[in-house]
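A short worksheet on the structure shown next.
What follows is calculated from the coordinates using simple rules that are stated; it is not laboratory data. Computed from a predicted model, the values in this text were never measured in an experiment. In this analysis, Cβ positions are derived from the backbone assuming ideal geometry, glycine residues included, and neighbour counts consider all displayed protein chains.
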Amino acid sequence: MKFLTLIFLLFINIFGAELIDITQKPKADLEAIEHHAIKFGSGEASKVYVFVDPLCEFSRALMKKIYENKMLQLSNSYYVFFYRLPILDSEYMMQYILESKDPKETLIEVMIDKEIVDVSGYKAKSQTIKAIKEIAEVAATLDMKQRPYMISFDKDSKFCRVSEGSVSCLEEFE
């Protein structure tokens, strides 16, 4: 009997730790890649995860709004991730920004100030390529089609808001 109880408890520990409530999966996935983000703002009202392509005009316009509106930054925290649009050749630019001495400042220079940077043939470190791949894997689970893409979690809420389509944290309402 002790053996069966021990096996049962082991089974619960192994499989129970792996199970995440479907409504919390996107949030857990996003929190797992937060360390790859370029953060704007320090507000606590909402955590906003923003996926942009540095060469996309719409992504640039959104970043300009976030950067220039200090009230948004005081109320929310923005975690900016690079996720390439298939029609734009931005892989080297993403690598360049992430590997720069100050990624936030370089993002501002490239996306907001629209400085021209020649990144043709840029060679990134393997850890940067790995980070971009991890971001892309999470983004793929959210089924993004457009950039910018935003997913926002208000403080103390288990639900989210998205800028396009649907995401599993909203499935309960569908």
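Would you work out which of Val119, Ser90, Ser42 lies farthest towards the positive end of the dipole of the range 32-164? Charges go on Cβ: Lys and Arg +1, Asp and Glu -1.
The listed residue farthest towards the positive side: Ser42.
Give the residue list of GluC sites (Glu not before Pro) in the range 85-114 that are DSSP loop and have at most 15 other beta-carbon atoms within 10 angstrom.
Within the range 85-114, no GluC sites (Glu not before Pro) qualify (loop, at most 15 other Cβ atoms within 10 Å).
Kindly state, to the nearest 0.05, the FRET efficiency for Lys155 paired with Glu99, given R0 = 45 Å and r defined as their beta-carbon distance.
Calculated value: 0.85.
Could you pull out which residues in the range 65-97 have an amide N less than 11 Å from a spot 7 Å beyond the Cα of Ala136, following the Cα-Cβ vector?
Once the point is set 7 Å along Cα→Cβ of Ala136, 83-86, 90-92 turn out to lie under 11 Å by backbone N, inside the range 65-97.
Need the full-extension length gain, Lys145 to Ala61, defined as separation in residues times 0.36 nm minus the C-alpha distance. One decimal, nm.
28.5 nm
Dividing the alpha-carbon radius of gyration of the range 32-164 by 2.2 N^0.38 Å (N being the number of residues), what value is obtained?
Expressed relative to 2.2 N^0.38 Å, the Cα Rg reads 1.01.
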